[in-house]
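Asker: Pasting a structure below so you can have a look.
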Amino acid sequence: MDQKILIKQSKIINPDGLHHRQVVDIEILNGTINLISKHIPKDPSHTFILENIPYLSCGWVDTYCELREPGNEIQEDLTTLDKLAKCSGFSHILGHPNTIPILQKPSDISFIIEKCQNFQTRILPFAATSKNFDNSTLTEFFLNKEAGCVGFSQGKKTYDNVDVLVRALRSAESLGLPVVSSPLEISLANSFVHESENTLHLGFKGQPSLAETSVIVQQIEALKYTEGHLHFTGISCKESVEIIRQAKKESLNISCDVSINNLCFTELQIADYNSLYKTNPPLRTEEDRTSLIAAINDGTIDCIASYHQPVNQEKKALEIEYAEEGILGLQTFLPMYVKHLANEISLDTFIDSITKKPQNIFQLEASKIEVGEKANLVGFDLDSEWLYHSKTLHSKVNNHPYYGQKLKGEIRFTFCRDKFYCK
């Protein structure tokens, strides 16, 4: 039996698309966009009719998500991640390889791809750049790509061996894939607090911006030498923005993302020692935050990432210096935008940073809202309010500062891989 879904009177947000900013009806027939029109009559053949959905875009792509399967399924497994992603607007989750064991062999990549093949969400892993993150021996780049990886990453580990980075950039370039770097100088990174006058009274040694910028400068030189594609993840300070802005002016093949946490929160959230705000990269100053926002708006920073990191309560409900770092990022992604960013980043720019730009960077199949295209859609409402608590939580854990609060901004439906989720 045919499945026909009718979406009534939604405004399409699809920068550069044929129907951008138009209010239309869309009919989906068996997973393909069948008709787009100002008005499509309802009829009994429609399996679902979706109304009062203000906005519609292509499915979202998350460029930084930490997988917990294999190894930490008690925090989250791939099945719960699929459910969480589709109710959060994401059609693609790019999962980093810092699992237990590390995702470094073709069989590791195949395990993720095969387990997720019937999910609505495309959960696509990065492969480890070096074996066991040892910064010495490269993994099997060609075979890992054949197995389905979307790039090469050290997770939260830095490249402390420039030779490995150079070889990785060259090998990945031959395969058309990026190398992902979390820029952090370990000798300067022995703190979860930004180094500033505001944090001196906390009693912890701060992490200076230099811990990030010194690595970025060095790795950009490696990029110039190899002409590969380098993607920095988790840019957090204004100095990094300036360095990357200049590198892009030199037409280097460089891209980057920022955690939504660093766009919304600052070091002041740590002032009361609340471990729910303990994250990596650390929350920095208001000046850094506004610089990051400006960089999203001018295209210096390409993507906004959820930085989804599930953490058990027993590992989070500790004194802040002992608590595990990380904040849930998926289900609160749209509410965080509405609460903190809607007046500073246009909806068009926001959607572009989680659709077209990550698709281009990681060589994903482009999504289009056009007749004849496979439906990869998310419907959302910026004004709808909902309570983020045990009955609406889709994670196994609740490590987000806004848990228990009323939030504004709601995903109404997602459609991807011929599968349909509706709230």
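Asker: Per 10 Å bin, what is the whole-percent P(r) computed from every C-alpha pair distance within the range 323-393?
Answerer: 14, 38, 35, 13, 1
Asker: Taking only the alpha carbons of the range 56-133, what extent do you get along each of the three principal axes, in Å, biggest first?
Answerer: 42, 24, 19
Asker: For the range 103-224, treating each Cα as an identical point scatterer without solvent, what Debye log10 I(q)/I(0) comes out at q = 0.19, 0.20, 0.21 1/Å?
Answerer: -0.96, -1.01, -1.07
Asker: Once you have the alpha carbon radius of gyration of the range 1-139, what is it after dividing by 2.2 N^0.38 Å, with N set to its residue count?
Answerer: For the range 1-139, the normalised Cα radius of gyration comes out at 1.36.
Asker: Now for a separate question. Using the Kirkwood radius over Cα pairs, work out the Stokes-Einstein diffusion coefficient for the range 279-423 at 4 °C and 1.567 mPa s, in µm²/s as a whole number.
Answerer: For the chosen part, D equals 75 µm²/s.
Asker: Which one, Cys58, Thr99, Thr79, is farthest towards the positive end of the dipole of the range 58-118 when Lys and Arg carry +1 and Asp and Glu -1 on their Cβ?
Answerer: Of the candidates, Cys58 comes out farthest on the positive side.
Asker: Using the crude model of +1 on Lys and Arg Cβ and -1 on Asp and Glu Cβ, and no other charge, please compute the dipole size for the chain relative to its Cα centre, in debye to 20.
Answerer: 960
Asker: What whole-number volume per residue, in cubic angstrom, does the convex hull of the C-alpha atoms of the chain give?
Answerer: Taking the convex hull of the Cα positions in the chain, it is 134 Å³ per residue.
Asker: Around Leu407, with a cut-off of 14 angstrom between Cβ atoms, what is the net charge of the other residues, counting Lys and Arg +1 and Asp and Glu -1?
Answerer: Charge balance in the 14 Å sphere: +1.
Asker: Here's a follow-up. Counting only heavy atoms of protein chains, what accessible area per residue, in Å², does the range 1-61 have with a probe of 1.4 Å?
Answerer: On a per-residue basis, 47 Å².
Asker: Would you work out the charge dipole size for the range 1-93 about its Cα centre, treating the Cβ of every Lys and Arg as +1 and the Cβ of every Asp and Glu as -1, and quote it to the nearest 20 debye?
Answerer: 560
Asker: Using the Cβ atoms and a cut-off under 11 Å, what net charge is assigned to the surroundings of Tyr273, where Lys and Arg are +1 and Asp and Glu are -1? It would help to have the intermediate numbers written out before the result.
Answerer: Values: positive: Lys278; negative: Asp272, Glu319, Glu321.
Once all neighbours under 11 Å are counted, the net charge is -2.
Asker: Further question on the same structure: With unit charges on the beta carbon (Lys/Arg positive, Asp/Glu negative), name the residue among Gln269, Leu143, Ala375 whose Cα is farthest towards the positive pole of the charge dipole of the chain.
Answerer: Ala375
Asker: A further question on this structure: Once you wrap a convex hull around the alpha carbon atoms of the range 212-331, what is its projected area averaged over all directions, in nm²?
Answerer: On the way: hull surface 31.6 nm².
Quarter of the Cα hull surface area: 7.9 nm².
Asker: If you don't mind, another one. How long is the range 261-351 along each principal axis, judged by its Cα atoms, biggest number first, in Å?
Answerer: Principal-axis extents of the Cα atoms in the range 261-351, largest first: 39, 26, 20 Å.
Asker: Next up: Could you work out the relative contact order of the range 105-259, using alpha carbon pairs under 8 angstrom and six or more residues apart, expressed as a whole percent?
Answerer: Answer for the range 105-259 is 18 percent.
Asker: Distance from the Cα centre of the range 268-289 to that of the range 345-414, in angstrom?
Answerer: So the two Cα centres are separated by 24 Å.
Asker: Rank Ile49, Ser130, Gln313 by how far each Cα sits towards the positive end of the charge dipole of the chain (+1 on Lys, Arg Cβ; -1 on Asp, Glu Cβ) and give me just the farthest.
Answerer: Ile49
Asker: Convex hull over the alpha-carbon atoms of the range 17-64: what's its volume per residue in Å³?
Answerer: Once divided by residue count, the hull of the range 17-64 is 127 Å³.
Asker: If you place +1 on the Cβ of every Lys and Arg and -1 on the Cβ of every Asp and Glu, how big does the dipole about the Cα centre of the range 74-214 come out, in debye to the nearest 20? Write out the running numbers ahead of the final one.
Answerer: Working: 12 positive and 15 negative charges, 65 e Å.
Result for the range 74-214 is approximately 300 debye, rounded to the nearest 20.
Asker: Any idea what log10 I(q)/I(0) is at q = 0.12, 0.27 Å⁻¹ for the range 149-219, Debye with uniform C-alpha scatterers and no solvent?
Answerer: Listed by q, the Debye log ratios stand at -0.41, -1.17.
Asker: What list of ³J(HN,Hα) values in whole Hz, one per residue of the range 233-242 in order, does the Karplus curve 6.51 cos²θ - 1.76 cosθ + 1.60 (θ = phi - 60°) give from phi, with Gly and Pro shown as x?
Answerer: 10, x, 4, 10, 9, 5, 5, 4, 4, 5
Asker: Extending each Cα 7 Å along its Cβ direction at Asn161 and Lys42, get the distance between those two points in nm, one decimal.
Answerer: 6.4
The values are calculated or read from the model by the stated rules, or taken from the named source; none is laboratory data. Bear in mind that the values here come from a model prediction, so they are computed numbers and not experimental data. Cβ: placed from backbone, ideal geometry, glycine included. Neighbour counts: every protein chain shown. Just the protein is used for accessible areas: all its heavy atoms, side chains included, with ligands, DNA and RNA removed. Shrake-Rupley method; radii C 1.70, N 1.55, O 1.52, S 1.80 Å.
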